[in-house]
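Each reported figure results from applying straightforward, stated rules to the coordinates on display, with no laboratory input. All values reported here derive from a predicted model rather than from experimental measurement. Positions of Cβ are generated from backbone atoms using ideal geometry, with glycine treated the same way; all protein chains shown enter the neighbour counts.
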Amino acid sequence: MTAGESHGPRLTAVVEGIPAGLALLAAEIDADLARRQQGYGRGGRMRIETDRVEIVGGVRDGATIGSPIALSILNADHKNWLDRMSAAPLPAPVDAVTRPRPGHADLAGGIKFDRRDLRDILERASARETAARTAVGAVCRKLLTLVGIDVFAHVVAIGPVDAAGVGDLDALRERSRQSDLACADSPAEARMREAILLASHAGDTLGGVFEVIARGIMPGLGSHAQWDRRLDGRLAQALMSIQAIKGVEVGIGFEAARARGSCVHDPIGYDAEAAAFTRPSNRAGGIEGGITNGMPVVCRAAMKPIATLKRALTSVDVSSKESYEAAFERSDVCAVPAASVVGEAMVCAVLADAVLEKFGGDSMRELVRNVDGYRAQVREY
């Protein structure tokens with residue numbers, strides 16, 4: 001669970017269920033927070049905030065102790081908003097935000113919660129909230145690493161520019177991490193930069209697509225037995241929950257709808273030496289029937305262009321009902337690389353939940369022992 005507003009004092013997250021004995025340092029979480037703030041095309045807020053986490057519960061002497069973990073991230077910009085964003089009664093009346101921005105939660109949220117100052121909506125709806133989710137994802141990533149699961153993301157498209165595929169996962173991970181657009185294809189990255197620059201000069205924005213890959217996954221996470229336990233459904237919901245994400249695919253996704261079954265499903269083989277079932281392809285994205293099959297889990301998310309435009313669209317003032325150009329808040333031109341880091345975090349959270357659901361354990365030693373025993377069992381199948 002997370003709490004906090006974009007220009008409030010801080011963001012807070014509480015993570016429950018992490019076993020005791022997981023080594024965890026604030027610096028490890030800060031590394032992911034820094035990645036979320038990078039990327040060509042980011043806006044002015046990233047020059048104000050330098051996100052650092054404070055661990056305020058659930059960790060002692062550099063390790064989790066089995067109780068809920070509480071994380072806190074200060075909003076450096078809050079000091080400039082004390083007259084508008086205090087929890088106490090405000091010292092003087094403020095100018096209400098009454099012009100909802102198309103593509104944002106402003107109008108729908110204002111109607112739902114009966115708020116005539118739309119700042120009450122936009123402050124929480126802001127993607128600033130994803131800093132807290134990124135911190136949570138970093139905790140979950142540490143747990144996954146200790147059971148042999150690695151999660152990383154890369155950008156496959158920005159606007160009209162598509163990146164070429166890189167087959168080797170090690171190279172894909174390394175090259176995308178070295179790029180401030182999280183793109184492993186250097187020629188495509190240059191064209192993406194040009195597209196972002198052109199959009200910026202036009203007062204416009206760009207979206208794109210990122211892919212999250214989880215490797216080292218054991219078969220058997222998730223379940224076919226109930227709709228809400230299917231892992232692909234859980235991953236899709238988690239990725240779709242990220243601000244501005246409008247589409248999610250697992251494996252080849254929508255491409256499968258346009259192909260024959262013989263070109264969609266992954267044949268099954270067996271490697272006797274490794275005592276493992278094999279697949280020559282991974283079009284299912286590592287999930288069949290809502291259950292992981294041992295191949296890498298591959299998810300893709302489509303991010304719409306940021307809705308806050310310098311070249312504003314028309315809107316209607318909720319007080320006067322007159323037509324106006326929509327209000328403009330400081331914004332990014334393109335935030336797809338940052339969204340890919342948040343995508344990693346959400347996949348880490350879902351997978352950590354699925355691992356703990358299947359293997360249990362009050363301590364990390366117990367969890368790792370359970371996972372190792374299951375992996376041995378799988379080799380005997």
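Unpaired Cys in the chain, meaning no second Cys C-beta under 4.7 Å: CYS183, CYS263, CYS299, CYS334. In segment 93-379, Cα pairs under 8 Å separated by at least six residues give a relative contact order of 27 percent. Each label was represented as a point 7 Å from its Cα along the Cα-to-Cβ direction; for ALA108 and SER241 these points are 1.6 nm apart.
Distances between placed amide hydrogens fall under 5 Å for VAL316 paired with TYR324, all partners being 5 or more residues away or on another chain. Highest average first, the peptides 254-266, 181-193 ordered by how many other beta carbon atoms sit within 10 Å of their residues are 181-193, 254-266.
Taking Cα centre as origin and charging only the Cβ of basic (Lys, Arg, +1) and acidic (Asp, Glu, -1) residues, the dipole magnitude of segment 56-142 rounds to 280 debye. The eigenvalues of the Cα gyration tensor, multiplied by 5 and square-rooted, give segment 93-379 an equivalent ellipsoid with semi-axes of 39, 23, 17 Å from largest to smallest. Between ARG10 and LYS79, the simple spin-label model (points 7 angstrom out along Cα→Cβ) gives 1.6 nm. Within segment 171-187, list the residues whose amide N lies under 14 Å from a label point set 7 Å along Cα→Cβ of ALA31. Residues 174, 177-178 fall inside that zone. In order along segment 307-324, the Karplus-derived 3J(HN,Hα) couplings, from 6.51 cos²θ - 1.76 cosθ + 1.60 at θ = phi - 60°, round to 7, 7, 10, 5, 8, 5, 8, 6, 8, 10, 5, 6, 8, 8, 6, 8, 7, 9 Hz, and Gly and Pro are given as x. When the Karplus curve 6.51 cos²θ - 1.76 cosθ + 1.60 is applied with θ = phi - 60°, which whole-Hz ³J(HN,Hα) does each residue of segment 219-230 get, with x for Gly and Pro? Per-residue couplings from phi come out as x, x, 7, x, 7, 8, 6, 9, 4, 7, 9, 5 Hz.
Applying the Karplus relation 6.51 cos²θ - 1.76 cosθ + 1.60 with θ = phi - 60° to segment 264-278 yields 3J(HN,Hα) values of 10, 7, 9, x, 10, x, 9, 9, 5, 5, 8, 6, 8, 6, 10 Hz, where x marks Gly and Pro. In straight-distance terms, cross-link reach from LYS79 covers every one of the aspartates and glutamates whose alpha-carbon lies under 20 Å from its own, apart from those fewer than eight places away in the same chain; here that gives GLU5, GLU49, ASP51, GLU54, ASP95, ASP120, GLU123, GLU129, GLU329. Of the peptides 344-352, 65-73, the order by per-residue mean of other Cβ atoms within 10 Å, starting with the highest, comes out as 344-352, 65-73. Rounded to the nearest 20 debye, the dipole magnitude of the chain is 420 debye, with +1 charges on Lys and Arg beta carbons, -1 on Asp and Glu beta carbons, and the Cα centre as origin. Listed by number, the DSSP H helices of the chain that run 27 Å or longer by alpha-carbon position along their axis and have mean Kyte hydropathy of at least -1.0 are 336-359. Subtracting the Cα-Cα distance of ARG379 and ARG116 from 0.36 nm times their residue separation leaves 88.6 nm of extension gain.
When only alpha carbons are used to place a centre, segment 256-286 and segment 306-377 end up 29 Å from one another. In straight-distance terms, cross-link reach from LYS321 covers every one of the aspartates and glutamates whose alpha-carbon lies under 13 Å from its own, apart from those fewer than eight places away in the same chain; here that gives an empty set. The simple Förster model, with R0 at 41 Å and r as the Cβ-Cβ distance, assigns ARG52 and SER262 a FRET efficiency of 0.20.
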